[in-house]
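Novice: Before I ask anything, here is the structure I am working with.
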Amino acid sequence: MDPVAALLEIASLLERERASRYRAKAFRQAAATFQELPEDVRLDPTRLRASRGIGESTFAVIRQAQDGKVPEYLVELRGDVEPERASELRGKLRGDLHAHTDWSDGTTSIAVMAAAARAQGHEYQAITDHSPRLRVARGLSAERLREQIPLVRAESGEGFTLLAGIEVDILEDGALDQDPDLLAELDVVVASVHSKLRMDARPMTARMIAAVSHPRVNVLGHCTGRLVEGERGTRPPSAFDAAAVFAACAENGVAVEINSRPERQDPPDELIAIALAAGCLFSIDSDAHAPGQLSLLDHGAERAERAGVPAARIVTTWGVERLLAWAE
């Protein structure tokens, strides 16, 4: 087995499992290191093990692959990590409007995320790193975002489009955390609440309605902010008037995100039903922070299918030309 392929598959499986980002990153780093080593070093176990970026676990994987075996750790992960679930709706998804790179709190470069999206069979993928106020996530200043935009668009080609976007913070007064003129240059704007999640329902409702009424917003991201499982623990949903917020989404053509991360399951089923009744569009997104998490779309598709959301109202089933016309 090819050592690089084995290392990268292990990284992807760890990412899908939402294991420690450092574990997955170690396997990606080892793959990059191994590719760059001279052939004589690759074949010399002593020098290979001494190479910076090759640790005990990654060395074992490489050596077992070089011996013509499927590495033991890869066999273990293939058995432990739940494989991607196929469904009719998952097969109709043509892209993803919410993903992060190492420009903010993702783990890999723009190019690596683009390659992973291509490998998933996506027609398009949006890069939506965080905005400035989310300092813990290294949110992008206007200057950094301007620098990023051409690098994102440069990855498009051969039937694949990498969309320049942002996950912009919805501030306490409903304003958006980025230069309005710069938002107008982007292909996709996802607006999300990340702070003051425990606001009273009335001001939270006004805050969210103000944001989705902004002409540059395309998607309302993980609307309740809840966490139902995972290493970050649990967090209750924010309180707001869902009927009023989703009516504003429908009026303004803003899609309600069905966030595919299992630890979020956001919106809850009962809110999907309210958004459906309000006539909302939806966007099934991975919210990936690593390449292997792009495959989490199967979870969102399964939830949407179970909730009875028609594929025609899911913008990520649309082709890129129709999607961009809607997002304009």
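Novice: Suppose R0 equals 25 Å. What FRET efficiency, 1/(1 + (r/R0)^6) with r the Cβ-Cβ distance, do GLU76 and ALA115 give to the nearest 0.05?
Specialist: 0.45
Novice: A follow-up question, please. Considering the convex hull of the alpha carbon atoms of the chain, report its projected area averaged over all viewing directions, in nm², one decimal.
Specialist: Numbers: hull surface 66.7 nm².
Value for the chain: 16.7 nm².
Novice: Between helix 297-307 and the chain, what is the angle of the helix's C-alpha long axis to the longest principal axis, kept within 0 to 90° and rounded to the nearest 10?
Specialist: 40
Novice: Got a sec to turn the phi values of region 157-166 into Karplus ³J(HN,Hα) couplings, 6.51 cos²θ - 1.76 cosθ + 1.60 with θ = phi - 60°, whole Hz, x for Gly and Pro?
Specialist: x, 6, x, 10, 10, 9, 8, 7, x, 7
Novice: Would you work out which of ALA65, HIS100, LEU89 lies farthest towards the positive end of the dipole of region 61-105? Charges go on Cβ: Lys and Arg +1, Asp and Glu -1.
Specialist: My answer, from the dipole projection, is LEU89.
Novice: Can you list the trypsin sites (Lys or Arg not before Pro) in region 22-76 that are in a DSSP coil and have 16 or fewer other beta carbons within 10 angstrom?
Specialist: Filter output for region 22-76: ARG52, LYS69.
Novice: What residues from region 89-110 fall in the zone where the backbone N is under 17 Å from a label point 7 Å along the Cα-to-C-beta line of GLU305?
Specialist: 89-95, by backbone N distance to the label point.
Novice: Can you tell me the 0 to 90 degree angle between the C-alpha axis of helix 56-66 and the longest principal axis of the chain, rounded to 10?
Specialist: 70
Novice: Along the charge dipole of region 117-185, which of GLN120, SER141, SER131 sits closest to the positive end, that is, farthest toward it, with unit charges on the beta carbon of Lys, Arg, Asp and Glu (+1, +1, -1, -1)?
Specialist: GLN120
Novice: Quick check: from the Cα gyration tensor, does region 16-88 come out rounded (a/c under 1.5), prolate or oblate?
Specialist: Taking the square roots of the gyration eigenvalues as a ≥ b ≥ c, region 16-88 is prolate.
Novice: Could you tell me what percent of the accessible area of the chain is made up of carbon and sulfur, with a 1.4 Å probe and every protein chain present?
Specialist: Numbers: 7050 of 13970 Å².
Exposed carbon and sulfur together represent 50 percent of the surface.
Novice: So, one more: Looking only at region 142-176, which residues have a backbone nitrogen under 20 Å from a spot 7 Å from the Cα of ALA244 in the C-beta direction?
Specialist: 170-176
Novice: To continue, here is another question. Rolling a 1.4 Å sphere over the protein heavy atoms, what is the accessible area per residue of region 174-328, to the nearest Å²?
Specialist: Counting only protein heavy atoms, the per-residue value for region 174-328 is 36 Å².
Novice: Per residue, how much accessible surface does region 83-161 expose to a 1.4 Å probe? Answer in Å², no decimals.
Specialist: Accessible area per residue, region 83-161: 45 Å².
Novice: Here is a follow-up. Gap in Å between the Cα centre of region 177-214 and the Cα centre of region 264-328?
Specialist: Centre-to-centre (Cα) distance: 19 Å.
Novice: Stretched out fully, how many nm does the piece from MET1 to VAL136 gain, at 0.36 nm a residue minus the Cα gap?
Specialist: Taking MET1 through VAL136 to full extension adds about 44.7 nm, to one decimal.
Novice: Looking at region 229-328, which chymotrypsin sites (Phe, Trp or Tyr not before Pro) are DSSP coil and have at most 13 other C-beta atoms within 10 Å of their C-beta?
Specialist: The qualifying sites: there are none.
Novice: Quick one: Karplus J couplings for region 214-220, per residue in order, coefficients 6.51, -1.76, 1.60, θ = phi - 60°, nearest Hz, x for Gly and Pro?
Specialist: Karplus values, whole Hz, x for Gly and Pro: 5, x, 9, 7, 10, 9, 8.
Novice: Also: How much length would be gained if the chain were fully extended between THR46 and GLU328, taking 0.36 nm per residue of separation minus their Cα-Cα distance, in nm to one decimal?
Specialist: Stretched fully, the THR46-GLU328 segment lengthens by 95.9 nm.
The values are calculated or read from the model by the stated rules, or taken from the named source; none is laboratory data. What you are looking at is a predicted structure, and each value in this text was computed from that prediction instead of being measured. Methodologically, a virtual Cβ is constructed for each residue, glycine included, from the backbone with ideal geometry; neighbour enumeration extends over all protein chains shown. The area values use the complete protein model at the heavy-atom level, side chains included, leaving out ligands, DNA and RNA. Shrake-Rupley method; radii C 1.70, N 1.55, O 1.52, S 1.80 Å.
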